[in-house]
Amino acid sequence: MANKIPEFLNDMRAYLEGEDSFIGVTNIELPELSSMTTEVTGIGLAGKLDAPVRGHFESMEVTFNWRTIEETGLSIIGGEAFALELYGDTQHFDGGVNEYGHEQVRVVIRGRAKSYKPGTMEAGKTADASNTLECHYIKFEVGGKTIVEIDKFGYKAVINGVDIMEAVRRNIGMS
């Protein structure tokens, strides 16, 4: 009997424009996937509610946190476009067969540089520099399977294998 319990991210690598240049990043804060909403009120509704605009998402910010001020972080500024791929290894333990297992997590991000904070310079301390980027495309794969794919320019929002924007694209003459 399988009893696979995910434990943690064993390790990861980040590739900017295909280059393994993210050595020195302490962590990458992925964006919140928050639906845009609009207030709905009127006949047939006892009050107000915020209805999600299906397939549309609020701003999606990605933050790179660096130990020090360094070249890669300084180069991601001024609205520059970027392509980033994150590869992670999720470690799990399967109590049913009494062994460890590993599964790949891949996140693909496309966007533009929004801001850079160089942090603090103090001898013997980390600078805690950071970049904030606006993400317009993101894809999450787990074990080789695409779970979420959001493409704001392409009017695409795949959730669990279903493109919830397919009818919208058709109805506005895009497909």
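Here, each number is a calculation from the coordinates, and none is a lab measurement. All values reported here derive from a predicted model rather than from experimental measurement. Backbone-built Cβ (ideal geometry, glycine too); neighbour counts: all protein chains shown.
Gly119's amide H: which non-local residues (gap 5+, or another chain) put their own amide H closer than 5 Å, with H modeled 1.01 Å from N in plane and none for Pro or chain starts?
The answer is Ser130.
Can you run phi through the Karplus equation (6.51, -1.76, 1.60; θ = phi - 60°) for segment 147-153 and list ³J(HN,Hα) in whole Hz, with x for Gly and Pro?
Residue by residue, segment 147-153 yields 9, 9, 9, 10, 10, 5, 6 Hz.
List every residue whose amide H lies under 5 Å from the amide H of His136, counting only residues 5 or more places away in sequence or on a different chain, with H placed 1.01 Å from N in the peptide plane.
For His136, whose amide H was placed from the backbone, the distant partners under 5 Å are Arg110, Gly111, Arg112.
Given axes a ≥ b ≥ c from the Cα gyration tensor, I'd like to know whether segment 51-175 is rounded (a/c under 1.5), prolate (a/b larger than b/c) or oblate.
oblate
Provide the gained length on full extension for the span Glu29 to Ala83, in nm with one decimal, where the gain is 0.36 nm per separating residue minus the Cα-Cα distance.
Computed gain between Glu29 and Ala83 is 17.9 nm.
Express in nm, to one decimal, how much length is gained between Glu103 and Ser21 on full extension, taking 0.36 nm for each residue of separation and deducting their alpha carbon distance.
The Glu103-Ser21 span can extend by a further 27.2 nm.
7 Å from Cα along Cα→Cβ at both Asp94 and Ala2: what's the point-to-point distance in nm?
0.7 nm
Using a Förster radius of 45 Å, what is the FRET efficiency between Ala167 and Glu70 based on their Cβ-Cβ separation? Nearest 0.05, please.
Using R0 = 45 Å, I get an efficiency of 0.45.
Which of these, Ala127, Ala83, Ala51, has the largest mean-square fluctuation under a Gaussian network model of the chain (Cα springs below 10 Å)?
Of Ala127, Ala83, Ala51, the most mobile in the Gaussian network model is Ala51.
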